[in-house]
Every structure is written in structure tokens, then in C-alpha cells.
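Notes follow once the structure below has been shown.
The values are calculated or read from the model by the stated rules, or taken from the named source; none is laboratory data. Bear in mind the structure is a predicted one, so any value in this text is a computation, not a measurement. As a convention, Cβ positions derive from the backbone with ideal geometry for all residues, glycine included, and neighbour counts pool all protein chains shown. Quick note on the areas: whole protein, heavy atoms, side chains included, nothing else; ligands and nucleic acids left out. Shrake-Rupley method; radii C 1.70, N 1.55, O 1.52, S 1.80 Å.
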Amino acid sequence: MSILVTGGAGFIGSNFVLDWLARSDEPVVTLDKLTYAGNLDNLSPLRADPRHAFVQGDIGDQALVRQLLDAHAPRALINFAAETHVDRSIADPGAFVQANIVGTFHLLEAVRAYWSTLDDGGKAAFRFVHVSTDEVYGSLDEDAPPFTEQTCYTPNSPYSASKAASDHLVRAYHQTYGLPVLTSNCSNNYGPRQFPEKLIPLVIHNAFAGQPLPIYGDGLQCRDWLYVADHCDAIRRMLDAGAPGATYNVGGWNERTNLEVVGLLCALLDELRPRADGLPYAAQIVHVPDRPGHDRRYAVDAARLRRELGWMPAETFESGIRKTVQWYLDHASWVANVASGAYRAATGKACGKPD
Ligand code: NAD
């Protein structure tokens, strides 16, 4: 038995692979294109681990995906691979259409071809887990109830529109071909190994570098936040006991404005590594023009996941954010390699057992 993880060198995917192999000996094959967001340093603890194989490649390469499926006969594929940064999707939407829509289509085709060769038991046991986002639901008014699995998709950015399209393709492969798929729609994740273009690692990085801490517009955009290990736990539960064809909202019941998040981070950094000049890190906050089409509020009702699969987040925002800041403090070389671009030098080198 093994699993195939796509996009496993990125933020959530690498946390998932590391958590998986910390809990079980079931081998993992990681397929990742190693875009700017893919970082082999994220998987460095597995460099000599015979349970892990890394393959550099594109989910859009049907022949490669089919070859990996035939060679390893995994019981499940968990798809984290995507272009993920909203600002980049505004600047270059085509890359998002290509990776998230066309890429997911090719991945589904390769999986469908492989799955159709399995016997009835293998077909029934196989799972395709698609990792998606709450952003597909669009923006909520201040007093509106949180998104449920029944909320209509109303994506507002090229990123969320491309994720929505991929979710629809995944759903269609279940309805049309019977492929046993599961989709998670999760809120904002934070934790170790997140590329410092996203709010929390960006603030930590800029704070230490003495650079401005940018806040879009008035900073009152509201997001639900979830510690990455809790998302990984939700995906494991979906894999174990989720109903094929189902979608599950994943969230932390933890809504915060961007201003609150940055304020909390600054207070923690003041405590854990005060500025040499004695000033608070909050002095580095600057407001910058708002992002076009910026969604005002996301909030997630994860009751289905709790009710049907017994999932609850283990971390509060306060405990999770403290662990996160401590991780970045303890991993200065990871941060330095990302900031300098040195992590890209590893691109192309495989880690884990050779295939
Ligand atoms: P990330 O940007 O950190 O990592 C994405 C990974 O996918 C990178 O390693 C990249 O190299 C790889 N990749 C990109 N295109 C690829 C392709 N065509 N073929 C193979 N690999 C490719 O992203 P993340 O934050 O870890 O997000 C993982 C998934 O979770 C995404 O699908 C994202 O939409 C979803 N998600 C993220 C969040 C969040 O807050 N980060 C929240 C909910 C859902």
C-alpha cells in the first residue's frame, strides 16, 4: 500500500507528507513540479527515508502520472498541486488556468485511466482527494452565516475561479465515471514551511528584516484561520472515512481581521524577539492600496466534518500562531534560503529513494 501526493513540496503538501510518515510506515510518492512555491528543503527530513520517493513533474503530464500510478499502485492520490497566490493570479491569470484547471483535468484523466484497470475491490477502495479552498464561495457580508457545503460557488479572483473550476471537474468525474473523489474546502492555513508571500510568514519575515509590514486597505478583511496540522488531520479523516463524492468544509471557527492577525503577530514577536531599539514591531505596519476585487469576509462552517468524521482542530489560534512564530525563529536557515532564492538550487535534484 502507498499513497501518491501531488504538490507535496509546497506548504500544506509537505506538512501532510511529513505528518503522514511520522504516523505510519505506508510509503509516499511525492510528485511536484517545483515551481517557485515548491521547496525541497520542506522535505529534507525524508532525504534518506526509504518510505519516501520524490519525483519532479507536472500534474498536467498524463504519461508521467500514469507511469507513477502503474509503478506504485497507490491506494489514494491527494492533490495539493496548484498555483495558490491571489496576487499572482491577478498579475498572471493564465498560469492559474493552466495549473489549476488544465492540470487538474489531465491529472483526473490519468487517474481515471489507471482506476479503470483495477478490479472491483481496488476500484471501490481507491480515493482521489482534491484539496481546495473556501475562497470558491466568494465574499460574505459582515453578518451573514458561514459557508456550508451547500453555499453556491461565487469565486471573485482568478485564483478562486480556477480552483472552483477544478472542483467542478473533480465532481464531474465522480458523477460521470464513478471515480471515488473527495473534496476539502478549507480556510486560510498557517504554520511551518509557508512561502513568505502569504500574510503570516510575510509579516514574520519583514518584521525581522526591518521592512514594512504591509496591510491591504483598512485591514478589516476577515478570514478564518486554521493551523496546517489540523488541515492535514482533516484530510486523513476524509481519506479514512469520508463518503466518496462528498465535499467537506474545513475551518477553525476562528475569524480574525488582517489587522488583528498582524497585531497578534507583532505582540508575539515583541515578546519572543524584541527589536534592538526597544520599539514595538507594530511601528513597521503600513497601509497599502487594497487588492482589486478583494473579498471582504470568509467564514467556514465545518460542522459536517465534525459531525460525520469526528474532526475538531487541536490548536487554538493563540497556540497555533505561537508554534508558528517559534518555528520560523528556530529555522533561520530555511527562511534565509527562501529569502535569498538559494532553495531553488535544489530544484531538479531528487530526494528520497530513487525510483
Ligand atoms: P503552495 O503554493 O505552498 O504549494 C503548491 C505546490 O504545488 C508547490 O510545491 C508547487 O511546486 C506545486 N505545483 C504547482 N503547480 C504544479 C503542477 N502543475 N504540477 C505539480 N506540482 C505543482 O500551496 P499550499 O498553500 O500548500 O496549498 C496547497 C493546496 O491547498 C492548493 O491546492 C491550495 O489551493 C489549497 N489551499 C490552500 C490554503 C492556504 O491557506 N494555503 C487554504 C485552503 C486550500
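Given N residues in the chain, what is Rg(Cα) / (2.2 N^0.38 Å)?
0.97
What is the sum of charges around Ala282, taking Lys and Arg as +1, Asp and Glu as -1, for the other residues whose C-beta is under 15 Å from the C-beta of Ala282?
Value of the local net charge: -2.
Separation of region 59-103 and region 204-273 by C-alpha centroid, Å?
Rounded to whole Å, the Cα centres lie 24 Å apart.
Among Leu182, Ala73, Leu18, whose Cα sits farthest toward the positive end of the charge dipole of region 3-349 (+1 at Cβ of Lys/Arg, -1 at Cβ of Asp/Glu, about the Cα centre)?
Result: Ala73.
For every helix of n ≥ 4 consecutive DSSP H residues, a contribution of -39,500 (n - 2.57) applies; sum these over the chain, divide by its total residues, and give [θ] at 222 nm rounded to the nearest 500 deg cm²/dmol.
Theoretical 222 nm ellipticity from helices: -12000 deg cm²/dmol.
Can you tell me, using C-alpha contacts under 8 Å and at least 6 residues apart, the relative contact order of the chain as a whole percent?
21 percent
Could you look at region 3-349 and say what percent of its accessible area is carbon and sulfur, using a 1.4 Å probe and all protein chains?
54 percent
Near Lys198, which aspartates and glutamates are there with a Cα under 12 Å away, not counting those fewer than 8 places off in the same chain?
Asp87
Please report the net charge: other residues with Cβ closer than 14 Å to the Cβ of Gly94, K and R +1, D and E -1.
-1
Region 66-140: percent of C-alpha pairs farther apart than 14 Å?
Beyond 14 Å sits 67 percent of the P(r) for region 66-140.
Have a look at Gly293, Ala342, His331 and report the one farthest towards the positive end of the charge dipole of region 204-355, computed about the Cα centre with Cβ charges (Lys/Arg +1, Asp/Glu -1).
With unit charges placed on the Cβ atoms, the residue in question is Ala342.
Before I look further, what does the chain give for accessible area per residue, probe 1.4 Å, in whole square angstrom?
About 40 Å² of surface per residue is accessible.
Using +1 at the C-beta of Lys and Arg and -1 at the C-beta of Asp and Glu, which of Asn39, Pro155, Ala91 has the Cα lying farthest in the positive direction of the dipole of region 3-349?
Asn39
So which GluC sites (Glu not before Pro) in region 84-156 end up in coil per DSSP with only 11 or fewer other C-beta atoms within 10 Å?
Qualifying residues, ordered by number: Glu142.
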